[in-house]
Amino acid sequence: MNRPVTDPASLPHSRRHPRAGTAAPRRWPWYLLVGSLAVNMLLGGILAAQALHLLPPPPPPEPGQGMKGFIERAARELSPADAEVLRHSYEAERATLTRMHENMEAMRDQLWASMQAPAFDPEALRRSLEEAHATEADLRRRVDSRVIEALVQLSPEGRRKLVELGPPR
């Protein structure tokens, strides 16, 4: 026969509020609260990591996309004449940048195909990689020549601003 107790004096000393003599609320020990928080954070981290792992990776940027963003950012900082030189140089070599990207993809595909072949032919792989490297060097020389040509046409102030912007990413 449990009855509610209304007289605080009839409660055991440990259940009475120290000042009012009324029943005190039951408190959780602090270490249980901290432990519960730690477990919740751990589980949240595990769930977040798994959710992020299930997301597909972002698509690769289009060829020249990093350079295009740099040109647009630089054009906002440069004089109109210097910005036009930069834009013209980029547009003239956009096809070369695309070919460089395609060459790198082809080289990677050749490497994977040769590794998956039933009979690995190291000489064939060596020849195809040397050819891809030669193509890359030719394309790089062309882009380098265009960069030098553009830098010659820029004003000293334009070159200084490009240095302040840092390398393209």
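The values are calculated or read from the model by the stated rules, or taken from the named source; none is laboratory data. Note that this is a predicted model, so its numbers are computed, not measured. Neighbour counts are summed over all protein chains in view; Cβ atoms, including those assigned to glycine, are modelled from backbone coordinates with ideal geometry. SASA here: full protein model, heavy atoms, side chains in, ligands and nucleic acids out. Shrake-Rupley method; radii C 1.70, N 1.55, O 1.52, S 1.80 Å.
In segment 66-136, what percent of the accessible surface is made up of carbon and sulfur (1.4 Å probe, ligands and nucleic acids excluded)?
56 percent
Let me see the P(r) profile for segment 105-169: every Cα-Cα distance counted, bins of 10 Å, each bin given as a percent of all pairs.
The distribution over segment 105-169 is 18, 30, 19, 18, 12, 3, given as percents.
Compute the length gained on full extension between A124 and L43: take 0.36 nm times their separation in residues and subtract their Cα-Cα distance, giving the result in nm to one decimal.
Working: separation 81, 0.36 × 81 = 29.16 nm, distance 5.10 nm.
Length gained between A124 and L43: 24.1 nm.
With a ≥ b ≥ c the root eigenvalues of the C-alpha gyration tensor of segment 33-169, is it rounded (a/c under 1.5), prolate (a/b larger than b/c) or oblate?
oblate
Taking the Cα centre of segment 86-165 as origin and charging only Cβ (+1 Lys, Arg; -1 Asp, Glu), how large is the dipole, in debye to the nearest 20?
Dipole magnitude for segment 86-165 comes out near 400 debye.
Excluding I148 itself, what net charge comes from residues whose Cβ is under 14 Å from its Cβ, given Lys and Arg +1 and Asp and Glu -1?
Numbers: positive: R140, R141, R142, R146, R159; negative: E93, D144, E149.
Spelling it out: positives minus negatives among the neighbours equals +2.
Tell me, what ³J(HN,Hα) does each residue in segment 77-91 have, in order and in whole Hz, if you take phi through Karplus 6.51 cos²θ - 1.76 cosθ + 1.60 with θ = phi - 60° and put x for Gly and Pro?
Running phi through 6.51 cos²θ - 1.76 cosθ + 1.60 with θ = phi - 60° gives 8, 8, 5, x, 5, 5, 5, 5, 4, 5, 4, 4, 4, 5, 4 Hz.
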